[in-house]
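Single-structure report; data block below.
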Amino acid sequence: VVAGALRLAEDAAPHLSARGSAKLKGEALLVQADALLTLLAKGRCSSSCSMTSRFETTTRETLLQEIVKLLKEAVQHFEQVAEFDSLKHCHYVLARVCHELGDSAARDAHASRFRRASESLCCGQALVRLAPPW
C-alpha cells in the first residue's frame, strides 16, 4: 500500500511541476517523504530484526538522504505560500532525520526553525521566512 502511494506521488510530480501551485508541489513532496519514512519504519519494526539486518546501512542512509532532499524542496515551496503548519512539520521531520544521519549541525538548524515557527504562530506574530539569516 505504501509503495503504491509512493509510486502515485512520484508519477504525479512531473505534472505538478508544470502546472501545480507551490502548496500542491510541497504537499506532493511531503507525501513522498512520508512514504519513504513509513517504508523505513516497516523495515525497522518487522519481526524484531534490527535495521542493519533488514536494510543494508548504505540503503538506509540513501533513503534518509532522499527524505532530506524531498523535505528541503518541500520547505522551499511551503515558504513561497507561507504554509506554516506544513513548514513546522517539515522542519520537525528534518531535525529527526538529520539526527539519524549524525548531522548534528543540520539537526540543530531545523530544530531551531521548528521552534521559531512554533513560537511565532502561537504568539500571532507574522512569520516572513524561516531560513536562517546567513
- Message: Within the stretch 56-65, does at least one residue satisfy the condition of being under 15 Å from ARG113 (Cβ atoms), under 13 Å from the mean Cα position of the chain (by Cα) and modelled with pLDDT of 95 or more?
- Response: no
- Regarding ASP108, is this residue modelled with pLDDT under 95, acidic (Asp, Glu) and part of a helix (DSSP H, G or I)? no
- So, of the residues in the stretch 73-89 that are surrounded by fewer than 19 Cβ atoms within 10 Å (Cβ to Cβ) and acidic (Asp, Glu), which turns out to be modelled with the highest pLDDT? GLU73
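The values are calculated or read from the model by the stated rules, or taken from the named source; none is laboratory data. Keep in mind that what you see is a predicted model, and the values were worked out from it rather than measured. Note that we place each Cβ from the backbone using ideal geometry, even for glycine, and neighbour counts take in every protein chain shown.
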